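Report on the following structure.
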Amino acid sequence: MTKAIRIHANGGPEVMHWEDVPTPEPGPGEALVHHEAVGLNYIDVYFRTGLYKSQLPATLGMEGSGTIVALGAGVTDLEVGDRVAYAGGPIGAYATERVIAADRLVKLPDSIDFNTGAAMMLQGLTAQYLLRRTFPVQAGQTILVHAAAGGVGLILCQWAKHLGASVIGVVSTEAKADLARAHGADHVVIGHATLPAEVKRITGGAMVPVVYDSVGKDTFLTSLDCLAPLGMMVTFGNASGPVPPVDLGLLTAKGSLFVTRPTLATYTAKRADLVRGANELFDVVSSGAVAIRVNQTFPLSEAAAAHRALEARQTTGSTVLVP
């Protein structure tokens, strides 16, 4: 048997239960992975609450690291015993063992431990596509990053700094401001009530070419006001709730702006893109350009407590659930 956190209904953290489930067997093209660590991400909350739909009962979680213990037919580029990591759908990572399509797995370099591997994949691959593909950040540009002390935020700050950009980070507390500064943010703004004015001051009126916003509803319109003409609004999360319908005329009025709502699944749908992105991520982590901060660990059986901490904004950096 395998142990897993499952939900039988959508709702708060109380709907999460630590249960026995049959150990799955890998089918053709699949691998059975014994988890050493599981990553915690805000998207897990969306599936738990029902904002993102899943068939119930469901096992949450989209990211993990571990060792391959069995392979299905037709898998040729992986072996039993390989250290691997993954991020992205389908959900099912909150378990001691799981079956997953082998083409979703990437080999974890020996220089990266399991906790780091579990903490870095979803957030790191997200940062990779945001900075390198959605809006390819160039040296000399000034960019705006919301939730700059969160898991994705800390990686964005460091990686953007590595690329030669200047980073304005937005956080909610002074302690988080210190954390963002320590990870590459050149300027930090606490709260978003006066954000456009602060961005105008910092940039000498030029504003920014891109905003990376994982907060959603509460910051969307404010973020638009931080953009230079022809700037790009990248809304990639809903921590405060989904962005409501938008009058596209606003984009015209505010300077012919672009808006995109990207997902990791689209950017890693092709195996080649997944591997390329993972290799870029492994390179910047192994070189020390990007440090992955696992600032909280919880037993996997206590995932509900981890969700409470995440939703209360009590976490910084990355959080790992340990089976």
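The values are calculated or read from the model by the stated rules, or taken from the named source; none is laboratory data. Owing to the predicted nature of the structure, the values given are computational and were not obtained by experimental measurement. Glycine also receives a Cβ, built like all others from the backbone with ideal geometry; neighbour counts cover every protein chain displayed.
Look through the stretch 166-178, keep the residues that are aliphatic (A, V, I, L, M) and surrounded by fewer than 24 Cβ atoms within 10 Å (Cβ to Cβ), and return whichever of them is modelled with the lowest pLDDT. Step by step, filter the stretch 166-178, then rank; the result is A175.
Of everything in the stretch 120-136 that is of a type in the set (A, V, I, L, M, F, W, C) and in contact with an Asp or Glu (Cβ under 8 Å, 6 or more places away or on another chain), the residue that is nearest to M232 (Cα to Cα) is L122.
Among the residues of the stretch 286-308 satisfying the criterion of being among the hydrophobic types (A, V, I, L, M, F, W, C) and modelled with pLDDT of 95 or more, which is farthest from V75 (Cα to Cα)?
The first filter runs over the stretch 286-308 and keeps only residues among the hydrophobic types (A, V, I, L, M, F, W, C), leaving 289-292, 294, 298, 300, 303-306.
Applying the additional criterion that residues be modelled with pLDDT of 95 or more yields 289-290, 298, 300, 303-306.
On the way: A289: 34, V290: 32, F298: 33, L300: 29, A303: 32, A304: 35, A305: 37, A306: 35 Å.
Filtering the stretch 286-308 for residues that are among the hydrophobic types (A, V, I, L, M, F, W, C) and modelled with pLDDT of 95 or more, the one farthest from V75 (Cα to Cα) comes out as A305.
Which one is surrounded by the fewest Cβ atoms within 10 Å (Cβ to Cβ) among residues in the stretch 70-95 that are β-branched (V, I, T) and out of contact with any Gly (no Cβ under 8 Å at 6 or more places or on another chain)?
Here is the first cut: in the stretch 70-95, the ones β-branched (V, I, T) are 75-76, 80, 84, 91.
Filter again for out of contact with any Gly (no Cβ under 8 Å at 6 or more places or on another chain), leaving 76, 80.
Values: T76: 7, V80: 12.
This residue is T76.
For the stretch 151-169, a residue qualifies if it is among the hydrophobic types (A, V, I, L, M, F, W, C) and either under 20 Å from I43 (Cα atoms) or outside the structural domain of D213 (by TED's automatic domain parsing) (or both), and the qualifying residues are V152, L154, I155, L156.
Each row is one residue, and each column tells you yes or no for (1) modelled with pLDDT of 95 or more; (2) of a type in the set (D, E).
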residue	(1), (2)
A4	yes, no
I7	yes, no
G12	yes, no
E19	yes, yes
H34	yes, no
A37	yes, no
Y42	no, no
Y52	no, no
T59	yes, no
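Applying the set (1) surrounded by 24 or more Cβ atoms within 10 Å (Cβ to Cβ); (2) part of a loop (DSSP other than H, G, I, E, B); (3) modelled with pLDDT of 95 or more to P136 leaves exactly one unmet item: (1).
Taking P109, is it of a type outside the set (G, A, S), surrounded by fewer than 24 Cβ atoms within 10 Å (Cβ to Cβ), over 29 Å from A177 (Cβ atoms) and touching a helix residue (DSSP H, G or I) at 6+ places or on another chain (Cβ under 6 Å)? I'd like the intermediate steps shown before the answer.
Working: of a type outside the set (G, A, S): yes; surrounded by fewer than 24 Cβ atoms within 10 Å (Cβ to Cβ): yes; over 29 Å from A177 (Cβ atoms): yes; touching a helix residue (DSSP H, G or I) at 6+ places or on another chain (Cβ under 6 Å): yes.
So P109 passes the test.
When you check A85 against the structure, is it touching a Ser or Thr at 6+ places or on another chain (Cβ under 8 Å), outside any loop (DSSP other than H, G, I, E, B), hydrophobic (A, V, I, L, M, F, W, C) and modelled with pLDDT under 95, yes or no? Answer is no for this residue.
For the stretch 68-112, name all the residues that are within 22 Å of A58 (Cα to Cα) and in contact with a His (Cβ under 8 Å, 6 or more places away or on another chain). Even if it seems obvious, please write down each step before you answer.
In the first step, residues of the stretch 68-112 are kept if they are within 22 Å of A58 (Cα to Cα); the result is 85-102, 104-105.
Scanning the stretch 68-112 gives A93, A95, T96, E97, R98.
Of T219, T235, all but one fail to be within 23 Å of R48 (Cβ to Cβ), at pLDDT 90 or above and touching a Ser or Thr at 6+ places or on another chain (Cβ under 8 Å); the exception is T235.
A148 - would you say it is in the same structural domain as P209 (by TED's automatic domain parsing) and outside any helix (DSSP H, G or I)? Step through it out loud before you land on a result.
Working: in the same structural domain as P209 (by TED's automatic domain parsing): yes; outside any helix (DSSP H, G or I): yes.
Considered against the rule, which asks whether it is in the same structural domain as P209 (by TED's automatic domain parsing) and outside any helix (DSSP H, G or I), A148 comes out as yes.
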